[in-house]
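Single-structure report; data block below.
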Amino acid sequence: MPATPPASTLAPNTSPSRTARTGASAAVVDAAGQRQDVREKPRTAVVFGIVALVLIGLNLRAGISGASALLHDLQSVLGYGPLVAAVIPSIPTLCFALAGAGTSWLTGRLGVEKAILLALALLAGGLLLRGIPATGMLVAGSVVGMSGLAVCNVAMPSFIREHFASRTSLMTAVYTVTMTTGATVTAVAVVPLAQVLGSPSAAVGTIGITAVAAFLGFLPVVLHAHRNSRRNAAVHVSPWPLLRTRKGQLLTAIFTLQALLAYALLSWYPYMLTTLGLSASDSGLMFGLMQLVSVPAGMILIAIGSRPRMLRPAFYLVSMVMVLGLAALLALPVQLAFVSAVLLGFGLGIFPLVMVMISRSGTNTAETTALSTLAQSSGYLLATAGPFGMGLLHGATSGWTLPLVLLLALALVQVVVAHLITGPAMTGKSRERIK
């Protein structure tokens with residue numbers, strides 16, 4: 001028999017602060033097993049929602065990968081020292097932790113759509129600010145932009161749950177694929193763009209144009225939500241008590257480990273290859289290859305995990321490939337960097353699996369937002385040790401061996417957590433299949 005969908009997928013597509021949007025009626029079963037009639041969204045609203053989802057996804061790693069590919073050039077041109085060089089790659093995860101912690105409160109005050117619109121405004125403004133060729137502007141723009149990015153990161157699972165309740169896996173796949181696509185294209189194109197413009201700062205600032213497009217593309221979604229909803233008594237679930245639950249602990253642990261590994265690599269992989277002997281353009285290509293591989297990897301992993309009793313093997317596979325990728329980066333000569341790029345890219349495909357689990361973990365939108373806030377804010381705060389620690393250890397040892405050995409150890413821990421989070425105590429027999 002097919003697995004029973006989790007309660008979160010059966011809950012009506014409603015917001016804690018909104019009634020159902022206008023449209024055709026449809027019957028669903030809520031978490032208590034009661035049939036309810038809700039109104040489906042008009043087709044145009046669905047189309048606008050998908051377009052907005054794609055535009056947002058294209059921006060959620062582009063600003064990070066673009067700066068990472070130009071870190072060496074930015075330091076050479078702007079002249080900042082090793083401490084600032086270690087701090088800049090750590091800004092995203094630190095902002096994700098601090099700004100992300102307030103997302104549950106912000107969405108409760110403004111609603112999911114308006115909170116995301118505000119976040120996109122901050123993202124666009126911050127990325128454009130980084131185009132000013134000064135160290136202070138690079139740091140300030142990164143803080144502003146990454147703070148906006150933090151709110152988007154936390155709010156998107158709730159947005160997907162609220163607007164695409166019956167298609168959370170599909171829409172999460174679309175969202176994560178476009179996210180990785182934007183990062184890949186930016187990583188490959190930003191170095192040649194900097195050469196054409198004659199300035200790495202100008203190239204980094206240009207990335208902000210796509211964030212402006214995402215802001216404009218999201219406006220119809222916000223206007224539709226505003227016109228076709230009314231305020232109800234707000235439902236707010238505090239994220240922090242959930243840390244005492246097994247579900248909250250395991251979601252936070254898996255998110256922390258994958259984020260630490262991902263952002264350590266996203267921040268330093270091209271710089272690492274450059275210092276080991278590859279040209280900046282070749283390092284950018286390997287960086288792009290790593291992220292390009294993660295696009296089909298995420299789709300493959302969701303396809304595997306959607307089959308009965310295959311969620312745990314999917315987590316095992318992606319975690320072990322990450323271990324192999326770090327071992328290859330540690331042991332193989334830099335001329336064989338494409339091997340580590342392919343393996344690490346596949347290992348980064350764990351992100352869609354984790355996001356699907358977060359999207360489906362709550363019994364309603366408010367609890368999903370709370371779990372997302374808990375996992376992402378706590379996870380990113382701890383994950384800041386990845387990029388920052390790698391920078392400090394590289395500066396202290398003048399090499400990459402110790403940082404990579406530590407990452408390899410954490411990748412092995414991720415294998416253990418992947419085993420625990422896919423066990424019956426977490427998923428239950430009815431939740432072992434991703435719908």
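The values are calculated or read from the model by the stated rules, or taken from the named source; none is laboratory data. Predicted model, so just to flag it, every value in this text is computed and none were measured. So basically every Cβ, Gly included, is an ideal-geometry build from the backbone, and we count neighbours across all protein chains shown. The area values use the complete protein model at the heavy-atom level, side chains included, leaving out ligands, DNA and RNA. Shrake-Rupley method; radii C 1.70, N 1.55, O 1.52, S 1.80 Å.
What label, among (i) -0.46, -0.86; (ii) -0.41, -0.78; (iii) -0.54, -0.91, belongs to log10 I(q)/I(0) by the Debye sum over Cα atoms at q = 0.08, 0.11 Å⁻¹ computed from the structure on display?
Entry (ii).
So what does Y263 come to for accessible area, using a 1.4 Å probe and Å² rounded to 10?
Around 10 Å² of this residue is reachable by solvent.
Averaged per residue, what accessible area in Å² does the chain show with a 1.4 Å probe, protein chains only?
Normalised by residue count, the accessible surface of the chain is 38 Å².
Taking the chain as a Gaussian network, Cα atoms linked when under 10 Å apart, which of A203, A331, A150 shows the biggest mean-square fluctuation?
A331
Ignoring ligands, DNA and RNA, what percent of the 1.4 Å accessible area of the chain is carbon and sulfur?
So the carbon and sulfur contribution to the accessible surface is 69 percent.
Using the Cα centre as the reference, give the magnitude of the dipole from point charges on the C-beta atoms of the chain (Lys, Arg: +1; Asp, Glu: -1; all else neutral), rounded to the nearest 20 debye.
With Lys and Arg at +1 and Asp and Glu at -1, about 1480 debye.
Give me the Å³ per residue figure for the convex hull around the C-alpha atoms of the range 293-435.
106
State, as an integer percentage, the relative contact order of the chain based on alpha-carbon contacts under 8 Å between residues 6 or more apart.
Normalised by residue count, the contact order of the chain is 26 percent.
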